[in-house]
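The next block holds one structure in the form of structure tokens; read it before the comments.
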């Protein structure tokens, strides 16, 4: 028997793989995601349900919804067959997200917000993918083995900021990564709204090369700006030097 409509579902631990389910035959854009940190906290599903479209089911792991703060740098953003544009194609980004499935059970990401440092990229992503991008002053710096991410939102509302300092550690061996690690990191579809209709775009990249990491500083107000309470406790942390990515054009669900 199928679960009632809009009931949160607990992930089958074998339904998430570090490998993309299928190639994206004609990506709308190519880019690299570099020096990326996943910071995740468990949340009560009822806190997220009003912020996610009713057509999507919240996907749970260990009985909880998970919210991620994910800062990184976009490099080499370009359209197919075109070279990256200097300056415009390289910028920091931070997204706030959770995990969902559509009515057919296809897993993906739902973004509460995405902050980026290039205003042109913000406008283009809002127009083409309908994603809730915000223009922010941002900085990503690497020094002495540490990675620091800073941001202050400018538009549409200057009400969110981050200051995060990470010390990456040793790489995970493949057999050290469990179902929860893949559940939180291996996501190959994004869901969005375009013209008030649910849409999706598929993503392809190689499995994440993940390392351990230690949080030395963590200040963020992205969650409260999105209408969520502050996360409780220390985050679950993964770090990656990055992957090359192809993203399909959006399609209505």
CD proxy at 222 nm, helix term only [per DSSP H run n ≥ 4: -39500 (n - 2.57); per residue of the chain; nearest 500]: -2500 deg cm²/dmol
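Using a Förster distance of 41 angstrom, determine the FRET efficiency expected from the C-beta separation of residue 215 and residue 120, and round it to 0.05. Before the final figure, lay out the partial values.
Numbers: r = 32 Å, r/R0 = 0.78.
FRET efficiency, residue 215 to residue 120: 0.80.
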Segment 121-185: Rg to Rh, with Rh as the Kirkwood radius over Cα pairs: 1.11
Residue with peak Gaussian network fluctuation, the chain [Cα springs, cutoff 10 Å], from 144, 76, 63: 144
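As a footprinting exposure proxy, order 149, 119, 252 by other Cβ within 10 Å, with the fewest listed first.
Details: 149 26, 119 15, 252 9.
Placing the least packed residue first, the sequence is 252, 119, 149.
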Most mobile of 88, 165, 210 in a GNM of the chain (Cα contacts under 10 Å): 88
Mean-position separation - Cα centroids, segment 188-248 and segment 37-110, in angstrom: 4
Ordering of 152-158, 124-130 by burial proxy (mean other Cβ atoms within 10 Å per residue, highest first): 124-130, 152-158
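Taking Cα pairs under 8 Å and at least six residues apart, what relative contact order does the chain come out at, in percent?
Worked out over the chain, it gives 25 percent.
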Convex hull of segment 103-253 built on C-alpha atoms - directionally averaged projected area, nm²: 10.3
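Read the figures in this text as sums done on the coordinates, not as results from a lab. Since the model is a prediction, treat every value here as computed from it, not as a measurement. Quick reminder, even Gly has a Cβ in these numbers, built from the backbone with ideal geometry, and neighbours come from all protein chains shown.
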